[in-house]
């Protein structure tokens, strides 16, 4: 019984060099085949997804057109974002945004925005 356990792995180890032959093509040929396969895969993926992406684009465009008046009203109500402190989350999960007092509002010199 113990000889059979030893002979199996020994046969596999002796056969390994015979199985490890040089590949028939060069590395460049392999990379070009991988590149071509990836290109074909991406083209087919995009061609299948194109109708769904077009529908999504149209839906988002319509949603933005419907939201535009509400966003303009909200912007007019809020004014400049610099007039507010950073949002805070309360322990109960509520989020509050406090308005700065007139003394806290600091005007940028020259009105330039630093990027």
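The values are calculated or read from the model by the stated rules, or taken from the named source; none is laboratory data. Keep in mind the model is a prediction, meaning the values are calculated, not measured. Methodologically, a virtual Cβ is constructed for each residue, glycine included, from the backbone with ideal geometry; neighbour enumeration extends over all protein chains shown.
Scanning region 83-107 for residues that are out of contact with any strand residue (DSSP E or B) (no Cβ under 7 Å at 6 or more places or on another chain) and either surrounded by fewer than 10 Cβ atoms within 10 Å (Cβ to Cβ) or in contact (Cβ under 8 Å) with a residue 24 or more places away in the chain (or both) turns up 86, 91, 92, 93, 94, 101, 102, 103, 106, 107.
For region 56-79, does any single residue satisfy the condition of being in contact with a strand residue (DSSP E or B) (Cβ under 7 Å, 6 or more places away or on another chain), part of a helix (DSSP H, G or I) and surrounded by 10 or more Cβ atoms within 10 Å (Cβ to Cβ)? Outline the logic, then answer.
Here is the first cut: in region 56-79, the residues in contact with a strand residue (DSSP E or B) (Cβ under 7 Å, 6 or more places away or on another chain) are none.
No, there is no match, as no residue in region 56-79 is in contact with a strand residue (DSSP E or B) (Cβ under 7 Å, 6 or more places away or on another chain), part of a helix (DSSP H, G or I) and surrounded by 10 or more Cβ atoms within 10 Å (Cβ to Cβ).
Across region 22-55, the qualifying residues are those that are in contact with a helix residue (DSSP H, G or I) (Cβ under 9 Å, 6 or more places away or on another chain) and in a loop (DSSP other than H, G, I, E, B), and the one among them that is modelled with the lowest pLDDT is 23.
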